[in-house]
Amino acid sequence: MKKRIKITAILLASAMILSGCNNQATSSVADSSTESSATQSSTESKDESSATESSEAETESKEESSATESSEAETESKEESSAPESSETEKPESAAPETESKEETSMNESVTEKPEGENPDADPIYSAMINRSLLDLGNLQRMKAFYEKLEKGEEVTVAFIGGSITEGMTAGAELCWAKLTYEALCEQYPNAKINYVNAGMSGTPSILGNIRAGRDVLCHKPDLTFVEFAVNDGFEQEYKDSYEALVRTLLEQDNSPAVALYFTVIKSGHTCEKHMSEIGRAYGLPMVSLNNVLSVEFDKGRMTWEDYSDDESHPNVWGHEMTKDLIMNMMNKAKAKIDEGGIGDIEAIPENWVNNSRFYGMKFFDDENPVEGFTMKDTGSFSGEKDTLQQFPNGWSAMIAPADSKAMTFSFKGKTLMMLFKCVKSQRGASLRVIVDGKETGEYSTQADDAWNNPVAVQVFSGDEGVHEVTIELVDKDGKLVTAEILGFGIC
């Protein structure tokens with residue numbers, strides 16, 4: 001099987017190079033940075049830090065520069081590596097069959113003897129892998145409306161939101177599963193205008209996905225959105241609540257868009273497929289499982305992790321190709337079922353939540369994205385003149401001794417406040433003290449040993465609905481110079 005997989009990869013890649021698509025793609029804010037960051041190795045983007053640190057280089061120590069450079073050599077993002085470590089350790093449950101039929105076994109024995117030039121789709125083992133990935137088709141009325149627009153040659157938008165796997169880490173922006181899926185749809189419907197939005201962002205969980213959904217996805221009014229956060233999330237309740245809030249928000253748009261869920265897995269076995277699929281079933285969504293594919297192939301000895309990935313987390317070029325096949329298998333089966341009729345009306349979004357609604361209706365605020373009910377009163381020692389992170393360029397940064405600093409003050413209307421900041425490896429990364437309505441809610445360090453200048457979101461307040469006054473101070477570190485970058489806020 002391993003040999004066959006290599007052959008399949010070559011043939012599929014060649015087919016993609018030879019095929020074309022006349023449809024034009026549009027991109028989200030997040031997608032504008034995908035090509036530069038996704039074509040790197042599995043290390044996190046050096047460009048993310050170099051642009052934001054250039055003005056600080058003259059004043060910061062060599063120790064900080066060394067720390068930043070070493071962080072770029074790490075092979076995994078904080079979210080992708082730390083989520084499984086900070087959560088319970090368990091082998092993910094899989095709906096994949098533990099055993100295979102004698103027929104499939106005999107097919108496996110003969111498949112490696114087939115000529116290399118044969119159509120890889122004819123490989124019965126590969127076909128079984130693809131078919132095994134489909135968890136559920138769900139209610140297809142929304143997907144039916146999507147296909148009706150395609151068949152009429154109308155304009156549709158397909159969006160993808162997730163972490164670095166969606167962004168295209170390892171394979172690159174042009175060979176990532178999202179772009180390949182878009183191109184496959186273009187080939188099937190050459191007369192339709194299909195817009196492409198890749199809102200994948202390295203190292204980010206659904207907590208951040210929920211906060212930035214309006215800025216990066218909903219503004220494009222997608223007709224179909226794929227959601228991928230199964231390896232970036234953890235098992236804690238805040239991840240479950242954020243994921244469900246994101247799914248419900250995507251579904252509740254005025255154009256009744258379709259939403260599909262893709263569950264990935266990393267080498268350690270970490271995946272949030274179990275609790276995410278519970279949400280998917282409650283909302284009647286199509287779902288695709290990578291673990292259903294890989295777990296059986298590994299158990300049978302036909303594949304190793306290294307066939308799929310060049311690191312601990314990200315699919316290689318062939319892995320992205322296979323993922324496209326998994327997604328298109330779901331899409332094609334959905335279309336076949338739709339053509340059979342009897343789909344029915346769009347099901348009402350469940351009144352009751354599977355989890356908690358505390359993060360529902362989250363809005364993102366920064367220096368360029370105003371939100372009703374948020375009033376910045378004084379940025380204090382935090383300046384908005386210098387770009388912060390590439391994915392969040394419109395935040396506020398400070399480099400000052402805390403004793404000389406002035407606090408940021410603002411008010412917001414709501415019940416929950418999330419703060420986004422850049423997490424750095426440098427020991428000079430400041431801690432931020434948050435005070436809401438005169439009461440300190442906590443101190444939040446912007447420094448971590450495994451940081452790589454990645455965006456982090458933390459909940460800093462939860463309380464009654466109303467107008468709340470907020471103060472953010474730099475915490476003193478023996479009077480030494482510190483740095484901090486606040487990227488924005490999530491409010492609901």
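Placing +1 on the Cβ of every Lys and Arg and -1 on the Cβ of every Asp and Glu, with no other charges, gives segment 367-483 a dipole of roughly 240 debye about its Cα centre. A simple spin-label model places pseudo-atoms 7 Å from Cα toward Cβ; at GLU252 and LEU481 they are separated by 4.7 nm. Bridge orientation summary for segment 363-491: considering DSSP beta bridges with both residues in this region, about 95 percent are antiparallel.
Modelled label positions at LYS221 and SER127, each set 7 Å beyond Cα in the direction of Cβ, lie 4.2 nm from each other.
Over segment 200-304, one equal point on each Cα, no solvent: what is log10 I(q)/I(0) by the Debye formula at q = 0.12, 0.24 Å⁻¹? Debye curve over Cα of segment 200-304, log10 I(q)/I(0) at q = 0.12, 0.24 Å⁻¹: -0.41, -1.35. With contacts taken as Cα pairs under 8 Å and at least 6 residues apart, segment 285-366 reaches a relative contact order of 21 percent.
Sequentially through segment 310-318, phi angles give Karplus couplings (6.51, -1.76, 1.60; θ = phi - 60°) of 9, 9, 8, 9, 9, x, 7, 4, 5 Hz, Gly and Pro residues having no value and appearing as x.
Among the listed pairs LYS152/LYS337; LYS144/LYS179; LYS193/LYS422; LYS439/LYS477; LYS363/LYS386; LYS152/LYS335, those with a Cα-Cα distance over 26 Å are LYS193/LYS422.
Extension gain for GLU148-LYS406 works out to 87.2 nm (0.36 nm per residue, less the C-alpha to C-alpha distance). For the pair SER445 and GLU278, label points projected 7 Å from Cα toward Cβ lie 3.2 nm apart. Could you tell me the calculated FRET efficiency between GLU465 and GLU368, based on Cβ-Cβ distance and R0 = 25 angstrom, to the nearest 0.05? After rounding, the FRET efficiency stands at 0.40. The calculated FRET efficiency for ASN332 paired with ASN352, based on their beta-carbon distance and R0 = 25 Å, is about 0.15.
Backbone geometry of segment 129-135 corresponds, through the Karplus equation with coefficients 6.51, -1.76 and 1.60 at θ = phi - 60°, to 3J(HN,Hα) couplings of 4, 5, 5, 5, 6, 7, 7 Hz, x marking Gly and Pro. Remark on segment 363-491: hydrodynamic radius 14.6 angstrom, per the Kirkwood mean of 1/r across alpha carbon pairs. Extension gain, LYS386-LYS193: 0.36 nm per intervening residue step, less the Cα-Cα distance, totals 65.7 nm. Percent of Cα pairs in segment 284-409 per distance bin of 5 Å, from zero to the largest separation: 2, 7, 10, 10, 8, 9, 11, 13, 11, 8, 6, 3, 1, 0, 0.
Take the Cβ atoms of LYS377 and LYS267, set R0 to 41 Å, and the FRET efficiency comes out at 0.30. Amide H contacts for THR225 (H built 1.01 Å from N in the peptide plane; partners 5 or more residues away or on another chain; cut-off under 5 Å): ALA159, ALA258, VAL259, ALA260. Amide H to amide H distances under 5 Å link GLY442 with VAL434, where only residues 5 or more positions off or on other chains count and H is placed in the peptide plane. Taking amide hydrogens as placed 1.01 Å from N in the peptide plane, the amide H of ASN195 sits under 5 Å from those of VAL156, THR157, VAL158, each at least 5 positions away in sequence or on another chain.
With the highest mean first, a sort of the peptides 474-481, 344-351, 235-242, 257-264 on other beta-carbon atoms found within 10 angstrom per residue produces 257-264, 235-242, 474-481, 344-351.
When segment 363-491 is described by a simple charge dipole with +1 on each Lys and Arg Cβ and -1 on each Asp and Glu Cβ, the residue from LEU487, PRO370, PHE410 located farthest towards its positive end is LEU487. Across segment 475-492, coupling constants 3J(HN,Hα) worked out from phi with the 6.51/-1.76/1.60 Karplus curve, θ = phi - 60°, read 7, 5, 10, 6, x, 7, 5, 10, 10, 7, 10, 8, 8, x, 9, x, 10, 8 Hz, and Gly and Pro carry x. Taken as Cα centroids, segment 369-422 and segment 202-225 sit 21 Å apart, rounded to the nearest whole angstrom. Per the Debye formula with a single identical scatterer at each Cα and no solvent contribution, what log10 I(q)/I(0) holds for segment 357-397 at q = 0.19, 0.21, 0.22 Å⁻¹? Those come out to -0.66, -0.76, -0.81, one per q. For segment 363-491, the relative contact order is 37 percent, taking Cα pairs closer than 8 Å that sit 6 or more residues apart in sequence and dividing their mean separation by the residue count.
Read-outs throughout are calculated quantities, based only on the coordinates presented, and are distinct from any laboratory measurement. None of the values given here were measured: they were computed from a predicted structure. In this analysis, Cβ positions are derived from the backbone assuming ideal geometry, glycine residues included, and neighbour counts consider all displayed protein chains.
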